[in-house]
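See below for the structure under consideration.
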Amino acid sequence: MSVKVRVHPYLQPFTGNRELVESTGRNVGECLDALEAQFPGIKEQLGKTRHRKFELFSHIEVYVNGESAYPDELTKPVNDGDEVSLVV
């Protein structure tokens, strides 16, 4: 599924200064994995792996189509054409 990812200005240096990029995945976590494959290093700006599980930093907010994905940001399902916003 193709998903648009709106990138906060703080993270744009990792995306070639692009505010809007394309990603794929069935949920936000998969989209972030695909984003990391395209733009190595961006994921470590969003969180870290603890006990073999990736967790977002507490200051990162995720929105899907303008609605907060909290508390299940990484498992929040996305559909083709959705927009995921990463806010720092």
Single condition Val84 does not satisfy, out of (1) under 17 Å from Pro9 (Cα atoms); (2) touching a residue at least 60 places away in the same chain (Cβ under 8 Å); (3) open to solvent by 60 Å² or more (accessible area, probe 1.4 Å): (3)
- request: All but one of (1) small (Gly, Ala, Ser); (2) in contact with a helix residue (DSSP H, G or I) (Cβ under 6 Å, 6 or more places away or on another chain); (3) surrounded by fewer than 14 Cβ atoms within 10 Å (Cβ to Cβ) hold for Gly25, so report the exception by its number.
  value: (3)
field: Residues of the stretch 58-81 that turn out to be closer than 22 Å to Pro13 by Cβ and open to solvent by less than 30 Å² (accessible area, probe 1.4 Å), as a count
entry: 2
field: Residues of the stretch 3-22 that turn out to be open to solvent by less than 60 Å² (accessible area, probe 1.4 Å) and in contact with a Ser or Thr (Cβ under 6 Å, 6 or more places away or on another chain), as a count
entry: 4
field: Positions within the stretch 1-25 being more than 12 Å from the chain's Cα centre (by Cα) and either among the basic types (Lys, Arg) or farther than 16 Å from Val87 by Cα (or both), in sequence order
entry: Met1, Ser2, Gly16, Arg18
- prompt: Counting just the residues of the stretch 30-42 that are closer than 20 Å to Tyr10 by Cα and acidic (Asp, Glu), which one comes out least open to solvent (accessible area, probe 1.4 Å)?
  reply: Glu36
- prompt: Is the stretch 43-57 home to any residue that is in contact with a helix residue (DSSP H, G or I) (Cβ under 8 Å, 6 or more places away or on another chain), open to solvent by less than 30 Å² (accessible area, probe 1.4 Å) and small (Gly, Ala, Ser)?
  reply: no
- request: Considering (1) in contact (Cβ under 8 Å) with a residue 40 or more places away in the chain; (2) at positive phi; (3) not β-branched (Val, Ile, Thr), say which one Arg26 fails and leave the rest.
  value: (2)
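The values are calculated or read from the model by the stated rules, or taken from the named source; none is laboratory data. What you see is a predicted model, and the numbers here were worked out from it, not measured in a lab. Reconstructed Cβ throughout: ideal geometry from the backbone, glycine too, with neighbour counts over all protein chains shown. Quick note on the areas: whole protein, heavy atoms, side chains included, nothing else; ligands and nucleic acids left out. Shrake-Rupley method; radii C 1.70, N 1.55, O 1.52, S 1.80 Å.
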